[in-house]
Amino acid sequence: MKKLAQGLLVAGVAIALLSGCGNNNENANGAASPSPAAANEQTDAQSTASIVNQADAFVKALSADGTWIVATLNDLTVDTDVVVAGEFHDKGAAENAIYRKLALYTQDEDHNITASFNLTVPKITVQSENFKVQGGTIKGDVYVEANGFSLDKTATIDGNLYFASEDVKATAVLDGEVTGETAVQ
């Protein structure tokens, strides 16, 4: 009975997290796949959200072949450097603004954060424009090479934050906390 309750809790959290992102189901690799209703349509891999709980799926989801939004449902440790690459659009729709998001949290149906998670990684290099980190904590250094980086007020970088140039730094919005150095390198 306890395992059933835990399973229902995880399912409910996943549904709440994706309520604003469309109707997606998680596949065996930890990445979201289109809903059965969309199975007959040809789906661009960049238009769906990914819920990842494994290091290899996380790295792939943030690659140029990944998705516009990547979310975790628990703490995650990645032993290799991660590169956030590719051009993506808000909610995966080409007509929307260029945008990418890392969601280290779960939320309720009113979009209130209900739990935040830690991502432990040696280094994240951001090459995707308008990349936003929301909720949770990145434990590691972040190197930003693209314009429009955003650290939401609900997010923390427990490490250093480096920008490729003053111009890139000038486009950043840093409402969250950085425990280490913030500099141009």
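The set of residues in region 145-161 that are in contact with a Ser or Thr (Cβ under 8 Å, 6 or more places away or on another chain) and either more than 22 Å from TRP68 (Cα to Cα) or not small (Gly, Ala, Ser) (or both) comprises GLU145, ASN147, PHE149, THR154, THR156, ILE157, ASP158, GLY159, ASN160, LEU161.
Which members of region 87-106 meet the condition of being not polar (S, T, N, Q) and not in a loop (DSSP other than H, G, I, E, B)? Passing the criteria: HIS89, ASP90, LYS91, GLY92, ILE98, ARG100, LYS101, LEU102, ALA103, TYR105. The residues on offer are ASP81, ASP90, and the sole one that is modelled with pLDDT under 95 and under 25 Å from ALA172 (Cα atoms) is ASP90.
Cβ-Cβ contacts under 6 Å between residues 6 or more apart (or on different chains), taken from a first residue in region 78-95 that is farther than 21 Å from ILE138 by Cα to a second residue that is part of a helix (DSSP H, G or I), are listed as PHE88/GLN46; GLY92/GLN46; GLY92/SER47.
The values are calculated or read from the model by the stated rules, or taken from the named source; none is laboratory data. Everything numeric here is computed off the predicted structure, so don't read it as measured data. Counting neighbours? That spans all protein chains shown, and the Cβs are built from the backbone with ideal geometry, glycine included.
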